[in-house]
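Shown next, in structure tokens, is the structure this report addresses.
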Amino acid sequence: MDAETQTHPVNLILLGPPGAGKGTQARMLTEAFGLVQLSTGDLLREAVAQGTPAGKVAKQVMAEGQLVSDEIVLAILKDRLDQPDTGKGIILDGFPRTEGQAEALDALMLDRGAPISAVISLEVDDEAMVGRIAGRYTCAECGEGYHDDNKPPASEGVCDKCGSTQFTRRPDDNAETVRTRLGAYHMQTAPLIDYYALRGNLKPVPAMAPIDDVAEKLTQIVKEVSDG
Ligand code: AP5
């Protein structure tokens, strides 16, 4: 199955701690299936860059590695969900992160007649996440993600996707903040694994494997839920 043969919209949630590969896998699925990636982290970073009132509040919270309030995150997510391209199917990357967000999402998707098809939980070892995040960088032009060791560009210093030579690293990608982010994940987000397991649509995926192996498993899940 690909974007052309997809039978009905697929709406996915990617759950996992910082560094689990949510953004990496979401971008790959977007390319393979034409789904729209909704990353609340990216939406918040845009708000910070634009200096909106929400962005001004979020800036400090994100720098400390804590969660931004449900109120701000939900307002940003609703705005993005209201755009017409989301009808093709979505991948939620980094949302929901609290039970309040999960309940609000249930109501939003019910309103839209677009249920969540599957919740993919990327299972990883915390300690390895610090190294993954410390080595991460992004093309400043097109946003393609790279890693110093695990995913360098084919030609050193040149983006594989767009040829840009400008790259950026996130201000919250340092060892201390990553540990705070991991703590926030275990306290506030990991309980959602049980939340979705009880609803019967949780798909755990071992995600310490190489990026392409994880992508293969996710592709199988998208095909199953799309056909089912
Ligand atoms: P956000 O931007 O969502 O960051 P995060 O959850 O901390 O996740 P990351 O982007 O760090 O990791 P990822 O899982 O996407 O990993 P990636 O694919 O890049 O959130 C940032 C902040 O915004 C939060 O701390 C919070 O303040 C706020 N926020 C966002 N959403 C919120 C919400 N809903 N509510 C409240 N606050 C919110 O991979 C990492 C690296 O590893 C890459 O270099 C990649 O190449 C490499 N890699 C990936 N997979 C593999 C693999 N299988 N093997 C080897 N290397 C791999």
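The values are calculated or read from the model by the stated rules, or taken from the named source; none is laboratory data. Just so it is clear, the model here is predicted, and its values are computed rather than measured. No Cβ is skipped: glycine too gets one built from the backbone with ideal geometry, and neighbour counts run over all protein chains shown. Accessible surface is based on the protein model in full, side chains and every heavy atom, while ligands, DNA and RNA are left aside. Shrake-Rupley method; radii C 1.70, N 1.55, O 1.52, S 1.80 Å.
Of note:
- Where a residue in the range 131-154 is more than 12 Å from Ile211 (Cβ to Cβ) and open to solvent by less than 60 Å² (accessible area, probe 1.4 Å) and its partner, wherever it lies, is part of a loop (DSSP other than H, G, I, E, B) and hydrophobic (A, V, I, L, M, F, W, C), with Cβ under 7 Å and at least six apart: Cys139/Cys159; Cys139/Cys162; Glu144/Cys159; Pro153/Cys159
- Ala207 vs. criteria touching a Leu at 6+ places or on another chain (Cβ under 8 Å) and not β-branched (Val, Ile, Thr): yes
- Criterion (open to solvent by 10 Å² or more (accessible area, probe 1.4 Å), more than 15 Å from the chain's Cα centre (by Cα) and within 18 Å of Ser117 (Cβ to Cβ)) met by exactly one of Gly87, Gly51: Gly87
- Looking across the range 27-62 at every residue that is within 15 Å of Gly94 (Cα to Cα) and touching an Asp or Glu at 6+ places or on another chain (Cβ under 7 Å), the one that is nearest to the ligand (Cβ to nearest atom) is identified as Met62.
- Filtered residues of the range 98-120 (kept if buried (at least 19 other Cβ atoms within 10 Å of the Cβ) and more than 12 Å from the ligand (Cβ to nearest atom)): Ile116, Ser117, Ala118, Val119
- Here Ile90 meets the list (1) in contact (Cβ under 8 Å) with a residue 40 or more places away in the chain; (2) part of a helix (DSSP H, G or I) almost entirely, failing just condition (2).
- Taking the criterion of being under 13 Å from Gly19 (Cβ atoms) and of a type outside the set (Ser, Thr, Tyr), the residues of the range 150-183 that qualify are Asn150, Lys151, Arg170, Asp172, Asp173, Asn174, Ala175, Val178, Arg179, Arg181, Leu182.
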